[in-house]
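Before I ask anything, let me first share the structure, which is written out below as structure tokens.
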Amino acid sequence: MTMQTKRFRKVAIPWMGKVYIELLARSLRHVGVNVQLPPPTTDRTIQIGVRNTAEMVCFPLKPTLGNFVEALDNGADTLLMFDSRGQCRLRHYWKIQEFILRNMGYEFQMIHLNFRNALGVLKTLGGGSTLKILKEVFHFYGRIRKVDCIKEQWADDRPNIGIIGEMFTCCDERINYGIEEKIYNLGAKPVNTVNLSSFIKESFLQKIHWPSKNKYTKAARRYLNGELGGHGRQNIANLLALVDKNIGGVIHLLPMSCMPETSIEPFVNEICRDSNTPLLRIPIDENTAEANLETRLETFVELIKMRGQQ
Ligand code: SF4
């Protein structure tokens, strides 16, 4: 496909939480990128992904592939995919997606976005100056930090329930069936430790080899033989912080067959058992039934409320 000039490109990004992606689209537009968001993720989107990927691949690949198919069907010609450059499959998603989509007969340009290439990519796609882009990056971080401060807040008037797990399932309300809202409506406060601003900050500090002074991050090291990829080590650290502050209960949200999250399961179990903290593990994939999730959630929140009354 011939390279199109930035004016004519229609650039699609996959969903990973409505608020985050709408804020990202806003910032990309500020630096001149012509963003065309895919339609919201639905069962159809997920089914497209399921039909065109390996059955046992980790779940986020499926909805994000479906997002790209629906974006291309709506006229997008450039796909912008996040690339963690970490140790997990996320760094390979864009390659796998590109391969599958070309085999499906689509023509497009695939661009991957990571810490290392972000400035160059944004200049190419939007044409903005370095200063303008850097300013917008800081604005974007400030906006998502505001959102995440609310997600991380503890309540005084109801039990607090910590959420740890994989980034995509913890952040995308269409994938986790709006779990934060459901917890709140059941009378508890979700304390979601897995959020985009923390992830960006942690990844950035890690990339520049900035030693962490956080005592929980240091304590989490003893569980693993180095980096695990994904959010694995941070989840152990976040869990240690939650139980240390006497959280009412913990929900471990993960996509089925997620490597880092299934690897840390025994540690999560032990930390919760030793601290007498109720734990609910919710693996999510295309077969998850919302009604089943709701029933388990209701029972869990009730249990935590009853413990608080004893
Ligand atoms: S963190 Fe889990 S879901 Fe995400 S890419 Fe890695 S294995 Fe897949």
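Amide H to amide H under 5 Å from Trp15: which residues, 5+ apart in sequence or cross-chain, H placed 1.01 Å off N in plane?
none
Here's another thing I want to ask about it. Measure nothing but the geometry: give the 0 to 90° angle between the long axis through the Cα atoms of 290-309 and the longest principal axis through the Cα atoms of the chain, rounded to 10°.
Once rounded, the angle reads 40 degrees.
Still on this structure, please answer the following. Put +1 on the Cβ of each Lys and Arg and -1 on the Cβ of each Asp and Glu in the chain; which of Val191, His209, Cys149 then has its Cα farthest toward the positive end of the dipole?
Final value for the positive-end residue is His209.
So who's got an amide H within less than 5 Å of the one on Phe82, skipping anything under 5 residues away but keeping other chains? H placed 1.01 Å off N, in plane.
Hits under the 5 Å cutoff: Leu113.
List every residue whose amide H lies under 5 Å from the amide H of Met256, counting only residues 5 or more places away in sequence or on a different chain, with H placed 1.01 Å from N in the peptide plane.
Phe59, Ile284, Asp285
Using a Förster radius of 35 Å, what is the FRET efficiency between Phe138 and Met306 based on their Cβ-Cβ separation? Nearest 0.05, please.
It comes out at approximately 0.15.
Right, another one. What's the angle, to the nearest 10 degrees (0 to 90), between helix 43-52's Cα axis and the longest principal axis of the chain?
Compared with the principal axis, the helix lies near 70 degrees.
If you don't mind, there's one more thing I want to ask. Rounded, prolate or oblate: which one fits the range 200-307, using the alpha carbon gyration tensor with axes a ≥ b ≥ c (rounded when a/c is under 1.5, else prolate when a/b beats b/c, else oblate)?
Because a/c hits 1.5 or more and a/b fails to exceed b/c, the range 200-307 counts as oblate.
So, one more: Give me the accessible area per residue for the range 1-95, probe 1.4 Å, as a whole number in Å².
Computed with neighbouring chains in place, this is 45 Å² per residue.
Below 23 Å Cα-Cα, how many Lys pairs turn up in the range 2-134? Only count pairs eight or more apart in sequence, or on different chains, if you could.
Taking the Cα cut-off of 23 Å, the pair count is 12.
Once you sort the root eigenvalues of the Cα gyration tensor of the chain as a ≥ b ≥ c, which label holds: rounded (a/c under 1.5), prolate (a/b larger than b/c) or oblate (the other case)?
Verdict is prolate for the chain.
Using the Karplus equation 6.51 cos²θ - 1.76 cosθ + 1.60 (θ = phi - 60°), what ³J(HN,Hα) coupling, rounded to whole Hz, does each residue of the range 164-173 give in order, writing x for Gly and Pro?
Here the 3J(HN,Hα) series is 10, x, 7, 3, 5, 5, 7, 9, 9, 5 Hz.
Quick check for you: with a 1.4 Å probe and neighbouring chains kept, what is the accessible area per residue of the range 163-310, in Å²?
47
Still on this structure, I have one more. Quickly rank 57-65, 101-109, 197-205 as a protection proxy: mean count of other C-beta atoms within 10 Å, highest first. Provide the component values of the computation, followed by the final result.
On the way: 57-65: 24.3, 101-109: 13.4, 197-205: 16.3.
Most protected by this proxy first, the peptides run 57-65, 197-205, 101-109.
Continuing with the same structure: If packing is taken as the average number of other Cβ atoms within 10 Å across a peptide's residues, how do 125-132, 210-217 rank, most packed first?
So the peptides 125-132, 210-217, ranked by packing, come out 125-132, 210-217.
Mind checking the angle between helix 259-274 and the chain's longest principal axis? C-alpha axes, 0 to 90 degrees, to the nearest 10.
Between helix and principal axis, roughly 20 degrees.
With a ≥ b ≥ c the root eigenvalues of the C-alpha gyration tensor of the range 1-158, is it rounded (a/c under 1.5), prolate (a/b larger than b/c) or oblate?
Note, shape of the range 1-158 comes out oblate.
Could you look at the chain and say what percent of its accessible area is carbon and sulfur, using a 1.4 Å probe and all protein chains?
55
Place a +1 charge on the Cβ of each Lys and Arg in the range 187-310 and a -1 charge on the Cβ of each Asp and Glu, then give the dipole magnitude about the Cα centre in debye, rounded to the nearest 20.
Computed about the Cα centre, the dipole is about 760 debye.
The values are calculated or read from the model by the stated rules, or taken from the named source; none is laboratory data. Just so we're clear, the structure is a prediction, and the values are computed from it rather than from any experiment. Every residue, glycine as well, gets a Cβ built from its backbone with ideal geometry; the counts of neighbours run over all protein chains shown. Ligands, DNA and RNA are excluded from the accessible area calculation, which covers all protein heavy atoms including side chains. Shrake-Rupley method; radii C 1.70, N 1.55, O 1.52, S 1.80 Å.
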